[in-house]
Amino acid sequence: MNRAVTAAAAAALLATTPAAARIIAFEVTTQAPFAGGQDFGAGPYLKVSGIARGELDPADPRNAPIVDLGLAPRNARGQVEYATEVVILRPADPARANGRLLYDVTNRGRKMMFGGVFDAPGGQPELNALQTPASVGLALPLRAGTTLVWSGWDPEAPRANDGLRIEIPVLPGITGPVRDEFIFGTRINPGDRPTAPLSYPAAEADPAQAGLTVRRRREDAPQPVAFAYAGPRAIRLLPEGAAFIPGSIYEFRYVASGARPLGMGFAATRDLVSFLRHGEADGQGRPGPLAGIAIRAAFALGISQSGRYLRHHIDLGMNADTRGRRVFDGVLAHIAGAGRVFANERFAQPDRTATWHEDFAHPETWFPMAAAETTDPATGRRGALLRGDGSDPLLIEVNTSTEYWQKGASLTHTDPAGTQDLHVLPHVRHYLVAGTKHGGRFGATTAPGRCHNLNNPHSASSLLRALLAALEEWVESGTAPPPSRVPRIADGTLVPAEDVLRRFPVVPGTLRPRFATPIAPVTDWVAGTRGAEEAWRPLVPAVDADGNERAGVRLPDIAVPRGTHTGWNLYAAAGLQEELCDREGSFLPFATDAAARQAAGDPRPSLAERYPGQAAYVAAVRVAAEVLAAERLLLPADAEAYVAAARERGLR
């Protein structure tokens with residue numbers, strides 16, 4: 001049967017379908033066996049690609065949090081339309097499905113799950129294309145019979161390499177001030193690109209109505225730079241042929257058009273997942289793409305920007321659908337820090353991610369930061385990320401060392417002033433992946449890239465696999481996950497950054513940061529101003545004599561170290577060596593023996609001084625892995641893999 005619905009037919013449906021139906025049409029564009037019909041353990045899978053067409057009622061209180069929804073164009077029935085791109089992997093035989101739906105929030109249009117959790121070895125184009133067995137890595141969800149879903153939520157997400165987007169209407173007649181920031185070689189690539197892309201079309205073609213500045217470091221004073229427009233959505237430097245300097249901070253303020261109610265992306269996710277999990281028919285009365293599969297529980301996984309998206313989703317009340325039903329039963333947000341997404345404001349820019357050197361004054365962190373209720377010392381307001389209205393999911397938040405140093409992660413489990421630990425909520429867990437950088441995943445290396453120190457190759461993926469399995473048990477059987485494992489003020493493992501820097505071992509040739517990135521509310525993102533940084537006080541994990549973090553989940557490579565692993569690094573480029581390298585970490589290897597250590601002036605014991613031989617090293621790794629497996633912080637197969645890797649690698 002031809003399930004496709006043309007845009008014209010969908011428009012006709014939108015004019016006649018009752019308002020209670022939120023997904024008006026689900027258009028299947030392609031459906032084919034995944035990976036040639038390979039059986040991963042629950043039979044072959046189907047890959048379904050399509051478009052979900054929906055509408056939102058601006059008068060519905062569930063949609064009230066969406067900024068500017070009431071200004072958007074409406075159809076004949078007074079509804080605002082959207083169309084989101086969807087990809088689904090589902091068991092071909094509904095009887096082999098396990099009843100779980102796992103929604104992997106796209107990150108700038110990209111599919112993140114298999115590279116970030118299940119150790120798929122390919123590059124992002126292969127992971128997005130989702131065609132081969134290699135693209136699903138360890139394939140644990142496919143072995144179990146889980147239904148997997150991705151969809152677009154950002155209309156500006158890159159289309160390259162099968163990125164997913166959503167269509168959201170432009171607000172007619174709306175113009176306003178915008179500030180774009182460009183840093184070539186980090187956030188804008190290639191670094192020698194001749195033009196800088198604008199987030200929105202310029203509404204005024206006269207360059208005199210806009211301004212461009214540059215500074216080398218965040219603390220430097222911005223200096224004006226001559227520019228010209230290179231079309232409505234790009235600028236270039238003057239004189240002709242002048243090049244942007246990689247690593248420097250360019251800021252462009254201009255009057256823009258093209259604003260959209262970007263918060264519609266949250267509602268589109270809400271309504272799509274509700275449509276799928278409840279087996280509803282679309283606006284034509286046709287069964288959805290999961291026909292025959294009974295969904296018992298829905299889970300969400302978000303990595304980095306996607307994790308911040310899920311925190312924002314909960315805060316906006318989007319975890320209750322338009323009938324008040326819970327959307328996601330369990331949520332795992334990884335490396336989100338204390339932030340949300342700059343998506344629900346006029347002229348918002350969801351792709352921004354705030355660090356010290358990059359996007360520092362673009363909004364990312366709003367009160368409340370914690371799931372538990374706290375008081376904002378800046379305003380006296382009380383609030384909590386969770387709503388307590390029956391819609392809250394079971395929540396697991398995982399962060400690495402980088403999020404404590406650069407993303408304010410401690411504020412998810414302390415009061416905003418950083419003076420006391422928060423009480424533990426029974427339906428929330430927090431974990432620190434000790435000694436790990438923001439993007440720590442399978443296949444990472446020590447290549448420094450644009451940073452000065454060797455990079456941190458440590459991966460968080462084995463812990464994420466265990467915690468995702470624990471989240472499934474928590475939702476389905478009520479078996480609670482392992483207790484939260486984060487540094488705490490009360491036991492001295494969560495401290496000011498200056499304490500760590502004072503105690504950190506002096507390793508020759510290593511650059512160290514001056515401070516952790518300050519966290520504060522942005523008061524005017526166009527002007528680039530922030531509130532008082534004294535009000536919110538992020539803290540960082542305390543370290544041992546080697547410089548490794550004492551608290552959190554110390555995976556075997558951290559518990560039995562071969563060097564110091566940090567969540568920070570510094571830029572290598574001239575003029576930037578005091579600036580934190582964008583969400584990167586450092587690896588400072590131990591010397592091989594006492595003679596090499598003494599020759600280098602390294603105060604840390606060498607490998608030979610720590611481990612009498614290969615057997616002792618492997619035995620120590622085995623003990624660390626078995627303890628974590630017993631605590632349900634490693635899957636048994638991953639514990640065995642750590643021991644095998646230690647045996648193969650040895651002390652080389």
Karplus (6.51, -1.76, 1.60) ³J(HN,Hα), θ = phi - 60°, over the range 606-613, in Hz, Gly and Pro reported as x:
6, 4, 5, 6, 8, 10, x, x
Give the residue from GLN131, PHE40, ALA157 lying farthest towards the positive end of the charge dipole for the chain; charges sit on Cβ (+1 for Lys and Arg, -1 for Asp and Glu) and the dipole is referred to the Cα centre.
PHE40
Cα convex hull of the chain, projected area averaged across orientations, nm²
28.9 nm²
Computed lengthening from ALA574 to ASP491, 0.36 nm per intervening residue step minus Cα-Cα distance:
25.9 nm
Given a 1.4 Å probe and heavy atoms of the protein chains only, how would you sort GLU626, GLU345, largest accessible area at the top?
GLU626, GLU345
At R0 = 51 Å the Cβ-Cβ FRET efficiency linking THR30 and ALA221, nearest 0.05, sits at 0.40
If I take R0 = 41 Å and measure r between the Cβ atoms of ASP206 and ASP544 in this structure, what FRET efficiency does the formula 1/(1 + (r/R0)^6) give, to the nearest 0.05?
0.10
To two decimal places, what compactness ratio does the range 426-492 give when its Cα radius of gyration is scaled by 2.2 N^0.38 Å?
1.43
Relative contact order of the chain, please, whole-number percent, based on alpha carbon pairs below 8 angstrom and at least 6 residues apart.
11 percent
Taking θ as phi - 60°, what are the ³J(HN,Hα) couplings along the range 376-391 by the Karplus curve (6.51, -1.76, 1.60), each to the nearest whole Hz, with x for Gly and Pro?
7, x, 6, 10, x, 6, 9, x, 9, 5, 6, 9, x, 10, x, 8
What is the Cα centroid distance between the range 286-307 and the range 47-78, reported in whole angstrom?
20 Å
Part-to-part distance (alpha-carbon centres) for the range 485-509 and the range 98-165, which is given in Å
36 Å
Expressed in nm to one decimal, what extension gain is obtained for the pair ASN75 and ALA447 from 0.36 nm per residue of sequence separation less their Cα-Cα distance?
128.6 nm
Note to self: with every protein chain in place and a 1.4 Å probe, the range 235-387 gives an accessible area per residue in Å² of 26 Å²
What full-extension length gain, to one decimal in nm, is calculated for VAL627 and GLU498 as 0.36 nm per residue of separation minus the Cα-Cα distance?
43.2 nm
Accessible area per residue, Å², the range 410-533 with all protein chains present, probe 1.4 Å:
39 Å²
CD proxy at 222 nm, helix term only [per DSSP H run n ≥ 4: -39500 (n - 2.57); per residue of the chain; nearest 500]
-5500 deg cm²/dmol
Sorting HIS423, HIS313 by accessible area (1.4 Å probe), largest first, what list results?
HIS423, HIS313
Where ARG325, ARG74 fall by accessible area, highest first, once all protein chains stay in place (1.4 Å):
ARG74, ARG325
Pair ARG143, ARG326: separation of 7 Å Cα→Cβ label points (nm):
2.8 nm
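The values are calculated or read from the model by the stated rules, or taken from the named source; none is laboratory data. If you're wondering where the values come from, they're calculated on a predicted model, not measured in any experiment. Please note: Cβ atoms are built from the backbone with ideal geometry, for glycine as well, and neighbour counts cover all protein chains shown. Accessible surface is based on the protein model in full, side chains and every heavy atom, while ligands, DNA and RNA are left aside. Shrake-Rupley method; radii C 1.70, N 1.55, O 1.52, S 1.80 Å.
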